[in-house]
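Student: Input: one structure, supplied below.
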């Protein structure tokens, strides 16, 4: 899909809307925790502890969204995946396994992985297991859960009108087309490879 076909919201607006959506709940909780800390009738130590946890979650989510939407995250190793996955929506309900990741993924596959992980986390609202396998020029992601549904049209580009929820899928296809990467899907598996 061409950027001009994105409907009334352009990609930059969609990124802004998605980021605001992802951060609004955490920011509201942080604000509430700080209000509790200032209230003399509440327990300020507990409230400040909660505020600290939420601030860490906000930081993790921002770093993840930057890697997925902004790129420029460089090569990615299993340690790098472990560092950023706490920023996934519902991360506390997800198990991420990357034992089959050989070496590191280049920046192009790293960004595709972050977009796939965002899509997988959204597809598993009750949590689940995500397995990552890859090497230079190839990547496989398996998402398994009791209720897991990859977005409709994951193998083909999203059709207009584009919505904030569908934006990661659209950006994934744009990214893959730009770098001539082919996508294949089968039930819980998604494969990416050069050409």
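Student: Any residue in region 54-71 that's farther than 11 Å from residue 88 by Cβ: show its pairings with residues that are surrounded by fewer than 17 Cβ atoms within 10 Å (Cβ to Cβ) and at pLDDT 85 or above at Cβ separation under 8 Å, as long as the two are six or more apart or on different chains.
Tutor: Close Cβ pairs satisfying both conditions: 71/107.
Student: Select from region 2-12 the residues that are modelled with pLDDT of 70 or more and surrounded by 15 or more Cβ atoms within 10 Å (Cβ to Cβ) and list them in ascending order.
Tutor: Answer for region 2-12, where residues must be modelled with pLDDT of 70 or more and surrounded by 15 or more Cβ atoms within 10 Å (Cβ to Cβ): just 11.
Student: If you don't mind, there's one more thing I want to ask. Of the residues 150, 114, only one is in contact (Cβ under 8 Å) with a residue 40 or more places away in the chain, touching a strand residue (DSSP E or B) at 6+ places or on another chain (Cβ under 8 Å), surrounded by 19 or more Cβ atoms within 10 Å (Cβ to Cβ) and not in a strand (DSSP E or B); which?
Tutor: 150
Student: Separate question: Which of the numbered conditions does residue 22 fail, given that it passes all the others? Conditions: (1) modelled with pLDDT of 75 or more; (2) surrounded by fewer than 13 Cβ atoms within 10 Å (Cβ to Cβ); (3) closer than 23 Å to residue 162 by Cα.
Tutor: (2)
Student: So which of 79, 24, 33, 133 ends up being in contact with a strand residue (DSSP E or B) (Cβ under 8 Å, 6 or more places away or on another chain) and at negative phi?
Tutor: When all the criteria are applied, what remains is 133.
The values are calculated or read from the model by the stated rules, or taken from the named source; none is laboratory data. Keep in mind that what you see is a predicted model, and the values were worked out from it rather than measured. All Cβ positions, glycine included, derive from the backbone under ideal geometry; neighbour counts span all protein chains shown.
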